[in-house]
Amino acid sequence: MNNKRIGWMMGLGFGVCAGIFYLGNLLTVDPADISGNGNPALLGLFFLFFFILLFMLGWMELMANVRTRLLWSGFLVLPLIFVAAYRYQMNEFERYRTYVKDIVMNQVGRGDLDYANSITSDVFSIYMNNQLFNVNTFFMYVGLTLWIGIALMLWHRSPFMQPKLNR
């Protein structure tokens, strides 16, 4: 397959994934509301895991002619970017968690600390969807697919993967 076609297919796939992230963000429940209907945004995670495989293969096709030195640079630099993005996301999560707790605790008849802790305890709560599905996590997702594609390309190019000739 030619690179232009792969690029268009990956662009379309990333557009679909961006739509999943956007929809997941929209499905965040306002902290002043009560919701007990589960978290339908988590269904999007299934599709995102499926797309990881396609993107890794696409990156590998697009990087077939890239020099190994450049691949090693990306392989080593991308984790540093991931750490910075993860730390930023953790800070935002804690800030938003405090915000949701403050709103819940200040509502009449709903100010239960156990309840406030339960709806903000993890990123999979419907009240915290905007912390799981946002621009930062989207770029982390794209970067992860790129990093895995680079790792697979380096592994494929390694001397251990080359066929040995019997002489």
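Every number in this text was worked out from the coordinates using simple rules, so none of it is lab data. Small disclaimer: the values here were computed from a predicted structure and weren't measured.
Just need the relative contact order of segment 31-126 here, percent rounded to a whole number, with Cα pairs under 8 Å and 6+ apart. Before the final figure, lay out the partial values.
Details: 30 pairs, mean separation 41.2, N = 96.
In percent, rounded to a whole number, it is 43.
From the helices alone, meaning DSSP H stretches of at least four residues, give me the mean residue ellipticity at 222 nm for the chain, per-run term -39500 (n - 2.57), in deg cm²/dmol to the nearest 500. Don't skip to the answer; put the middle values down first.
On the way: 6 runs with 117 residues, N = 167.
Helices in the chain give a 222 nm mean residue ellipticity of -24000 deg cm²/dmol.
When each pair of different Cα atoms in segment 48-107 is counted once in the 1/r mean, what is the Kirkwood radius in angstroms, to one decimal?
On the way: mean 1/r = 0.0670 Å⁻¹.
One over the average 1/r among Cα pairs gives 14.9 Å for segment 48-107.
Under 8 Å for C-alpha pairs, at least 6 residues apart: give me the relative contact order for the chain, rounded to a whole percent. Can you show the working numbers first?
Numbers: 138 pairs, mean separation 63.5, N = 167.
RCO, the chain: 38 percent.
What residue among P79, P31, P40 shows peak mean-square fluctuation when the chain is described by a Gaussian network model with Cα springs under 10 Å?
P40
Running a GNM on the chain with Cα contacts under 10 Å, which residue among L54, L76, L154 ends up with the highest mean-square fluctuation?
L76
Given just the C-alpha atoms of the chain, how large is their convex hull per residue in cubic angstrom?
Details: hull volume 22.4 nm³, N = 167.
Convex hull volume per residue, Cα atoms: 134 Å³.
Filter the chain for me: DSSP H helices, axial length by Cα at least 15 angstrom, mean Kyte-Doolittle hydropathy not below -1.0. List them by residue number.
Values: long enough: 3-26 (34 Å, 0.76); 43-62 (29 Å, 2.32); 68-105 (55 Å, 0.29); 135-157 (33 Å, 1.19).
Span-like helices in the chain: 3-26, 43-62, 68-105, 135-157.
Take every Cα-Cα pair in segment 63-137 and report what % of them are more than 15 Å apart.
Numbers: 1800 of 2775 pairs.
Summing the P(r) of segment 63-137 above 15 Å gives 65 percent of all pairs.
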